[in-house]
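Colleague: Take a look at this one; I'll ask things after.
Since every read-out is calculated from the coordinates, none of them should be taken as a lab result. On a predicted model such as this, the values are computed, not experimentally measured, just so you know. Positions of Cβ are backbone-derived with ideal geometry, glycine not excepted, and every protein chain shown enters the neighbour counts.
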Amino acid sequence: MMDRPDTARSDMPPDTEMVVMGRVSGLFGVRGWVKIYSHARPRESIVDFQRWFLRGPGGWQPYSVVTGRKHGNGVVAQLEGVDDRDQAAGLMGRDIAIARDDLPATDPDEFYWVDLIGLVVETEQGVTLGRVVDLVETPANDVLVVQGDRERLVPFVQGPFIKTIDLDAGCMVVDWDPEF
């Protein structure tokens, strides 16, 4: 879902990691506002970040968020320097990222989805199931998409199914039947 995109901008430190948080998905009005598809939860919390980076043809471009809000089931925002519908149209389809350093720290039992992508998933008995390639949000709970010899869907429920997550080691231990 969220990848680790390039950081090819000369005005950013080379070790700046970007985390994709959404995408410009539409236009809103004639004064340069844009509709946002947000990966944040709650969706409107994406506008709490004052500094966004939009991926354009030349790499990541910085933008300041002037204001934004929830609108229906989505989010709308006004960006500094984007004053009319034509300028906003030029941003359509661009990924929105936040510098990793701008994200709040998580509690020990909380994880950003982007951190789970790529982890090796093993059972408590040491059987490797594969790697996390995606996460899916469902009404009941989030679900890990694990790709190995075949695709497996493992509920992301800490305790019953997810036993340990070690980001430093790049591994997650689950209570899951390898035949399922």
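Colleague: Sum -39500 (n - 2.57) across every DSSP H segment of at least 4 residues in the chain, then divide by the residue count to get the 222 nm mean residue ellipticity, nearest 500.
Modeller: -1000 deg cm²/dmol
Colleague: Then there is this: Viscosity 1.002 mPa s, temperature 20 °C: give me the Stokes-Einstein translational D for the range 113-174 in µm²/s, with Rh taken as the Kirkwood radius over C-alpha pairs.
Modeller: 188
Colleague: Sticking with this one: Let me know the Kirkwood hydrodynamic radius for the range 18-102, please, with Cα pairs as the basis and the value in Å to one decimal.
Modeller: Result for the range 18-102, one decimal place: 12.4 Å.
Colleague: Moving to a separate point now. Take every Cα-Cα pair in the range 38-85 and report what % of them are more than 17 Å apart. Before the final figure, lay out each step's value.
Modeller: Working: 430 of 1128 pairs.
So the portion of pairs separated by more than 17 Å is 38 percent.
Colleague: Using only the alpha-carbon atoms of the range 15-63, report the extent along each of the three principal axes, biggest first, to the nearest angstrom.
Modeller: That works out to 37, 27, 16 Å along the principal axes.
Colleague: Counting other beta carbons within 10 Å of each Cβ, put Arg131, Arg23, Arg150 in order, fewest first.
Modeller: By the 10 Å Cβ count, ascending: Arg150, Arg131, Arg23.
Colleague: Over the range 105-149, what lengths in whole Å, largest first, do the semi-axes of the equivalent ellipsoid take, defined as the square roots of 5 times the eigenvalues of the alpha-carbon gyration tensor?
Modeller: Each semi-axis is the square root of five times an eigenvalue, giving 19, 14, 11 Å.
Colleague: Then there's this: Would you be so kind as to identify which of Leu103, Pro57, Phe28 lies farthest towards the positive end of the dipole of the chain, taking Lys and Arg as +1 and Asp and Glu as -1 on Cβ and the Cα centre as origin?
Modeller: Phe28
Colleague: Another one. What's the percent breakdown of Cα-Cα distances in the chain across 10 Å bins, shortest bin first?
Modeller: Final binned percentages: 9, 33, 29, 20, 8, 1.
Colleague: Using only the Cα atoms, work out Rg/Rh for the range 60-153, with Rh taken as the Kirkwood radius, to two decimals.
Modeller: Over the Cα atoms of the range 60-153, Rg/Rh equals 1.10.
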